[in-house]
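Asks: I'd like to ask some things about the structure below.
Each reported figure results from applying straightforward, stated rules to the coordinates on display, with no laboratory input. This structure is a prediction, so every number in the text was calculated from the model and none was measured. Heads up, the Cβs are rebuilt from the backbone with ideal geometry, glycines too, and the neighbour counts pull from every protein chain shown.
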Amino acid sequence: MSKRRESPYVWITWVNRLLAGEDYCEWSSWFKANYEGNSYKKEPSNFDTAKWHMEHTALLLKTRQKFEDDGYEVFIQNQNRIRLQGQTAMLSGIPDLIGLSGSTAVVVDVKTGQPSPSHSTQVLIYMYALEKYDSRFSDFSLEGRVVYSDHDVCIPAGSVTENFISNLGGLMRRLSSDVPAVKVPSEQECAFCPITIEDCQERIGSPQVVDEDENLPATRDF
Ligand code: SF4
């Protein structure tokens, strides 16, 4: 039996693809935001967690070394946890790495898979949330970076615009509303969605690769 959370909770990788326009079914994230993750059935996973951890950790450590060689003070993983309580929900996530140098803080996520615009959106959300949540960075200018195995995508300071904040706020309000968000079933999205037909009768087709451990990236983002 699905159990309601005491208050809405949103993990950042549940929203970056929606904000980037790569996914459209907000109901999946609304359900996760409002119901305890251990209270409902999920589609079985064939995601290779061990392989992902190994490759991700290797790229993260290589990136840390590079930042340290360039003179940055570096924080990684759980040193960077965000728990930003907003008006409607808690927004939570863990940037892979934050590097400090001079008056600049670089917020980094490393990705071992195919590049995608939603990766930059994920880092933009981290930049927005860190500025509000973590006083360690209040005197720094925040930049972002997505690090892939063969190139980086840099996100300049000032990229968190009023328009971006407004879109994120609107999405957070829809995901934390008592009124369920819109379902947009499609073979492409349902194939990667962990919600079973028990909770979503509109599911189309069979799941392909599903993993909803919130400490992992969205399945298509590795
Ligand atoms: S199964 Fe499909 S329609 Fe249902 S929540 Fe997931 S993506 Fe949306």
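Asks: Kirkwood hydrodynamic radius, computed over distinct alpha-carbon pairs, for the range 22-101: how many Å, to one decimal?
Replies: On the way: mean 1/r = 0.0630 Å⁻¹.
15.9 Å is the Kirkwood radius here.
Asks: Calculate the spin-label point distance for LYS51 paired with GLU6, positioning each point 7 Å from the Cα along the beta-carbon direction, and give it in nanometres.
Replies: Between GLU6 and LYS51, the simple spin-label model gives 4.0 nm.
Asks: Right, another one. Among DSSP beta bridges lying fully in the chain, give the percent that are antiparallel, nearest 5.
Replies: 65
Asks: Another question about this same structure. Per residue of the chain, what 222 nm ellipticity follows from adding -39500 (n - 2.57) for every DSSP H run with n ≥ 4, rounded to the nearest 500?
Replies: Estimated from H runs of four or more residues: -9500 deg cm²/dmol.
Asks: Identify all aspartates and glutamates with a Cα-Cα distance to LYS66 below 20 Å; exclude those on the same chain that are fewer than 8 residues away in sequence.
Replies: GLU55, ASP96, ASP109, GLU143, ASP150, ASP152
Asks: How many angstrom separate the Cα center of the range 1-76 from the Cα center of the range 91-146?
Replies: 14
Asks: Follow-up. Give me the mean projected area, in nm² to one decimal, of the convex hull enclosing the Cα positions of the chain.
Replies: Result: a mean projected hull area of 12.0 nm².
Asks: Follow-up question, since we're still on this one. Of the listed pairs LYS51/LYS132; LYS32/LYS132; LYS42/LYS111, which have alpha-carbon separations greater than 28 Å here?
Replies: As for pairs spanning more than 28 Å Cα to Cα, those are LYS51/LYS132.
Asks: If you line up the Cα atoms of the range 62-189 on their principal axes, what length do they span on each, largest first, in Å?
Replies: Answer, in whole Å and largest first: 50, 35, 26 Å.
Asks: In nm, to one decimal, how far is the GLN79 label point from the LYS66 one, both placed 7 Å along Cα→Cβ?
Replies: 1.8
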